[in-house]
Amino acid sequence: MSNPISKRQFFGYLMAAACAAAGGLHSFKTYANKFIFMEPSGNPGPGIPGRYSKESPYYVVTPKGVQCKICPNNCILREGLESICRTHVVKDQKLYTIAYGNPCSVHVDPIEKKPLFHYLPATLSFSIATAGCNFACLNCQNWEISQRSPTETENTELFPRQVVEQAVKSGCKSIAYTYSEPIAFYEYTFDTARLARARGIKNLLISNGYINEKPLRDLALYLDAANINLKSFSDDIYARLNGGSLQPVLQTLKILKELGVWLEITNLVVPSWTDKPDMIAEMCAWLMNNGFADTPLHFSRFHPLYKLTGLPYTPLSILEKARDIALKAGIRFVYIGNVPGTPAENTYCPKCKKTVIERRGFNISQNNLKNAACKFCNTPIAGVWQ
Amino acid sequence: MSQKNAIRIVLFGLGFLTLGFQVLLMRGFLVTCYGNEMVIGILLAIWMLLTGFGSWVGRFSRFTLLHHPALMLLLVIPGIWPAPALFLLNFLKAVMIPAGSMAGLEDVFIWGAIVQAPFCLCTGFLFTVLSTLPGTGNPSASYAWESGGSIVACLAVNFIFLGWFDLFTGALLLSVLWFLTVSVSMSLRRGWIQPGVVLAFAAVYLLTIFRAGLAEQSENLLFPDQKVVSDRVTPYGRISVTRSGDQFNFYENGLLLFSSGNTINSEEAVHPAMVQRPDPLKVLMISGGFSGALTEVMKYHPGQVDYLELNPELIRVVAQFTSQIKSENIRTIRADARRFLIHSPEQYDVVIVNLPSPATLQINRYFTAEFFEEAYRHMTPNGVIALFLPTASDYISSRAADLNSVICRTLKHRFRNVLIIPLEKNVVLASDSALTLDIPGKIRSLGIQTSWVNPDYLDISQLRERSGYLEKNLQPTGKLNRDFDPVAVHYQLAWWLGYFSFKPLVAIALYTLLFLILAFSQNRLTTGMFTGGFTLASIEIILILAYQALFGYLFSMIGAIIVIFMAGLTIGSWLGPFLATRWIERRSVIRSKVDPEAEVRENSLNGFNPALRQLYFRIQIVLAVFSMVIPVFLLFIRNIAGFTIGSHLLTGLLCLFPAFLIGLEYHLSVTIPQDRINRAVSGSYSADLFGSAMGAFTTGVILIPLAGVNASCVLLGILNLAGAWILYNGRRK
């Protein structure tokens, strides 16, 4: 029979094993990531600006670190740290984006899918996104890119010039910065939009509108249309559901309107969060008081996604109620989204109530617009139609 | 009545209460945490760790009498806990995470610990105390009585409680039975004063719970802003129906199955497959038909639709709250589809597997090479099969790509053509004949009326672009998803973990640390119980998985398997004294003939009875060998699956044998050391539970999904060999 192992010896062995484990941790991590947890490898890690990096124009160096000034998160970063949106890092006291020319999602979509109903209808939009978002919505349908850093996603190389070329080549009238959050890839959006404008391609911002004034005003110079997701009309809900706040979004709406960017607003009606009639009425009253009567408003049906799988789909009756509240408040063009076949996808003349544009899905089955006005009563219908 | 009998009644009741509450609580957790196997594995592990710790603490008790006032108080605690625990679970969810959101892993850990701790610590402690009170008799008999209570609870809860009562009523009934058990056992010893106090307390307690309306409050916490119109606990899961606005929502185990009036899901489930074979004679739909999918199928006027639904309660409640299509051509069959297909002679033109993606081993059975083979046998030459996976149309992550890849690869192994269509979900079609992506074009040409699956919403050029994008990102080579190598579950779990800020290295480090602490805190005898508990929990999971894969899911049989395991434990521990005595006698005769001094020498060296130690050692070796040959038995059962009596008998023996060995091992581990009995009992029982905790989690969540059944069995064998080696060479603590 062999000699027993004493406690002292055992802990000695354990320490030796721990040292060996620590030594092999790096290689184990690589193994674990690749074979067990299936993490992609590829881009340089956070804090290592490389081919897909560019210095950001919006930051200040503070004693606490480098402060990003793109969005109201106003992240203060030091080397090795990532911004909340996961797309900005600091190197040598400078702020860099690492979401530049490396989109993870590139598709061609009908413009109605954004949704934009009053802007160049029935055209195609070249749609791009990189990973990252300055929100963390519990119901995000694109969480696999929005809640990731560009270093974690499988990306393709498409620098701004190439984006514009591809858009032209695919017959698209516009480029949509969409899917995740274009404010998180602001620098890429900005440079692409500037080049697109020069080539006559329109620029569409599909965003949560959570951006600081200066970068917004700079970007708006090249924007043609935007759909801003006004997620609720409560600071508390913005904080708990999305990780943001309301006022900056309202400010964005005002600025885009002031600068003449065609604007549409989406409001996702999430059961037990944003479906309260009082809150919807308050939101509509604010829109009316701030001159958004002609701004199309889309009430969108919630689907249980990501972490909010414990909630049901938004009942159609709730969506119809929300639409009624908005129409009664005086908003002229109110739609219901994510409900196939609903007549609330059509555009009705606010005066004679006749159908001006009948939509079947992403197609237009009937167009009664004449010179941007209802052909029955000649009432102007707000929008950019051609 | 002697103290011994009174204690045995309490131990029986304790076994009944603990297992009964465990089943009810796990049902509660399933709903609250949208449980998959990882969540349940974590919760069971916490349960057994806490109970094991309680049992270990029991070694320090100084109780000598059952009717000691402090012990009486301890006996009351497990009785009052079940119903408030169920409420507490939903309350914690309501206050700790946002409404409607999914519980993260850290939430599961915290809630699991808070809700289970008072009960598990107390019952673990009580087991040690009751097993070692003076006059209790052989501690392995106590183990047998406790296991006996668990067997009865398993039968009662699964076959009576879950069919007749909701969770709260079930929990209150458990409390009542427990208080009665305690009162009766005390009355037999000490008259009616103490039992009277217990019963009076129980009456006040029950009245308080009813008046507080805990059940209703709990439901409201679970489904905020929805009116619960029906809530039934069934053997197959908990079915809840809520109303919000004009819409009815149907939940199974807290997961939304469907909402009334949602055409997107029902159209996507049906038309991509049906347009491929627009003149079907026979259609098979597995689950999800009442959401409106059957209505969509009937638009093609099939000769016969066989609709399979496992849970009869679901059929009933859906019919109660929604209007369903009525047709003589629809045959609703209440059965597990794999079980049905084994015996069915039918041939189908279209098979629609309308199930969620393979998040659990049970659902994974419909995504494996073996199922596709079985389905293929029941399909006409041009037949088409459809199933659904998580969507990835805007972007396919490596996790989603792996999951989609393995299912497509597995389908390609059997079918000539596989097509993946990115819609709200990814629709995967497979057939030996040609498949078309032009779903909208076919819908239009057939004149089928739809509101979503049509050219208005689905553009063929965009479908091609996105389908091509998906195809490009799929891996054509690699493992197939099999019944006994369910790699898709692993990919699905990895995808699910991506929801949270999951740190794999931290998790691995914590798991390893816990395993090492638990393993190395054992002495040479309890190491055997640790590896034995680990092995038994693992074998139980493997055999339940195997049974479902081989014969289809049958609730009563799964219950029977668990009962057989417990019966094995009971028999092993019950017969332990007899078998051990026979072993000693036989060995003494042999040894005394050869070397009469040998036994004296070994006793003086080790302080252990060498004959029993040798028996213990041999059990470890037998367990190791048995674990390693389980795959051979499974292969044999698969080959004689047609001979159902023989294969069921063999499956039963596979369950009974290792459990019997562990029961016997328990007897040995509390008998061999000439030590204080409460130390021996607490050490052995806690080691068994610690091992079971690690085994249930490791095998269900890590080993099977990552390595498959065969490799898991080999690893179990190695673990038991290690246990045997430690027993033979290790140092006595």
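Per-structure values
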quantity: Residue check for B:I584: open to solvent by less than 60 Å² (accessible area, probe 1.4 Å), in a helix (DSSP H, G or I) and either within 25 Å of B:V714 (Cα to Cα) or at pLDDT 90 or above (or both); calculated: no
quantity: The one condition in (1) assigned to a loop (DSSP other than H, G, I, E, B); (2) within 20 Å of B:D246 (Cβ to Cβ) that A:P350 fails to fulfil; calculated: (2)
quantity: Residues being touching a residue at least 12 places away in the same chain (Cβ under 8 Å) and either of a type in the set (S, T, Y) or facing chain A (nearest Cβ under 8 Å) (or both) - total across region B:249-262; calculated: 8
quantity: Selection count where residues are open to solvent by less than 10 Å² (accessible area, probe 1.4 Å) and among the basic types (K, R), scope region B:85-143; calculated: 0
quantity: Positions within region B:642-675 being at pLDDT below 85, over 26 Å from B:A724 (Cβ atoms) and exposed (fewer than 13 other Cβ atoms within 10 Å of the Cβ), in sequence order; calculated: B:G642, B:F643, B:T644, B:I645
quantity: Residues being farther than 15 Å from B:E296 by Cα and either charged (D, E, K, R) or within 7 Å of chain A (Cβ to nearest Cβ) (or both) - total across region B:445-461; calculated: 3
quantity: Any hit, region B:524-537, residues being within 12 Å of chain A (Cβ to nearest Cβ), in contact with a helix residue (DSSP H, G or I) (Cβ under 7 Å, 6 or more places away or on another chain), assigned to a helix (DSSP H, G or I) and among the hydrophobic types (A, V, I, L, M, F, W, C); calculated: no
quantity: Pairs, first more than 9 Å from chain B (Cβ to nearest Cβ) and closer than 14 Å to A:H303 by Cα in region A:138-149, second in a helix (DSSP H, G or I) and not aromatic (F, W, Y), C-beta under 6 Å, six or more apart; calculated: A:C140/A:S146
quantity: Count of region B:90-136 residues which are among the hydroxyl-bearing types (S, T, Y) and within 20 Å of B:E219 (Cα to Cα); calculated: 1
quantity: Flag for A:L311 being buried (at least 18 other Cβ atoms within 10 Å of the Cβ), under 29 Å from the mean Cα position of the chain (by Cα), within 14 Å of another protein chain (Cβ to nearest Cβ) and modelled with pLDDT under 95; calculated: yes
quantity: A:T178 vs. criteria within 12 Å of chain B (Cβ to nearest Cβ) and at pLDDT 95 or above; calculated: yes
quantity: Number of positions in region B:478-490 that are within 14 Å of chain A (Cβ to nearest Cβ) and either within 18 Å of the chain's Cα centre (by Cα) or on the phi < 0 side of the Ramachandran plot (or both); calculated: 5
quantity: Filtered residues of region B:27-56 (kept if farther than 22 Å from B:P82 by Cα and away from chain A (no Cβ under 14 Å)); calculated: B:E37, B:W56
quantity: Exclusive hit being within 20 Å of the chain's Cα centre (by Cα) and modelled with pLDDT under 90, set B:F500, B:F555; calculated: B:F555
quantity: Qualifying residue in region B:687-706 (condition: assigned to a helix (DSSP H, G or I), out of contact with any Lys or Arg (no Cβ under 6 Å at 6 or more places or on another chain) and surrounded by fewer than 21 Cβ atoms within 10 Å (Cβ to Cβ)); calculated: yes
quantity: Segments classed as helices (runs of 4 or more DSSP H), wholly inside region B:449-521, with at least 2 members that are among the β-branched types (V, I, T) and surrounded by 14 or more Cβ atoms within 10 Å (Cβ to Cβ); calculated: B:487-497
quantity: Pairs, first at the interface with chain A (Cβ under 7 Å from one of its Cβ atoms) and free of Cβ contacts under 8 Å to residues at least 40 places away in the same chain in region B:491-504, second of a type in the set (G, A, S) and open to solvent by 10 Å² or more (accessible area, probe 1.4 Å), C-beta under 8 Å, six or more apart; calculated: none
quantity: Extreme residue, farthest from the other protein chains (Cβ to nearest Cβ), among residues of region B:275-303 that are open to solvent by less than 10 Å² (accessible area, probe 1.4 Å) and not β-branched (V, I, T); calculated: B:L284
quantity: Any hit, region B:259-274, residues being at pLDDT below 85, over 16 Å from A:P315 (Cα atoms) and open to solvent by 10 Å² or more (accessible area, probe 1.4 Å); calculated: no
quantity: Filtered residue count, region B:432-444, keeping only those that are open to solvent by 20 Å² or more (accessible area, probe 1.4 Å) and either farther than 25 Å from B:A401 by Cβ or within 14 Å of chain A (Cβ to nearest Cβ) (or both); calculated: 6
quantity: Within region A:266-297, considering residues that are within 14 Å of chain B (Cβ to nearest Cβ) and assigned to a loop (DSSP other than H, G, I, E, B), the one most open to solvent (accessible area, probe 1.4 Å); calculated: A:K276
quantity: Subset of region A:233-265 [among the β-branched types (V, I, T) and within 13 Å of chain B (Cβ to nearest Cβ)]; calculated: A:I237
quantity: Filtered residues of region A:187-217 (kept if under 23 Å from A:A131 (Cβ atoms), of a type outside the set (F, W, Y) and open to solvent by 10 Å² or more (accessible area, probe 1.4 Å)); calculated: A:D191, A:R194, A:L195, A:I206, A:N212
quantity: Restricting region B:561-581 to residues that are surrounded by fewer than 19 Cβ atoms within 10 Å (Cβ to Cβ) and of a type outside the set (V, I, T), the residue that is nearest to B:A335 (Cα to Cα); calculated: B:L575
quantity: Residue within region B:225-248 that is within 14 Å of chain A (Cβ to nearest Cβ), part of a helix (DSSP H, G or I) and of a type outside the set (S, T, N, Q) present; calculated: no
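Okay, residues lined up against (1) in contact with a Phe, Trp or Tyr (Cβ under 7 Å, 6 or more places away or on another chain); (2) within 14 Å of chain B (Cβ to nearest Cβ):
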residue: A:Y100; (1), (2): yes, no
residue: A:C104; (1), (2): yes, yes
residue: A:Y119; (1), (2): yes, no
residue: A:A131; (1), (2): no, yes
residue: A:N134; (1), (2): yes, no
residue: A:A167; (1), (2): yes, no
residue: A:S170; (1), (2): yes, yes
residue: A:A184; (1), (2): no, no
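The values are calculated or read from the model by the stated rules, or taken from the named source; none is laboratory data. Quick caveat, the model's predicted, so the values are computed rather than measured. Here Cβ is always computed from backbone atoms with ideal geometry, including for glycine, and neighbour counts include all displayed protein chains. Areas reflect the complete protein model, heavy atoms only, side chains present, ligands, DNA and RNA absent. Shrake-Rupley method; radii C 1.70, N 1.55, O 1.52, S 1.80 Å.
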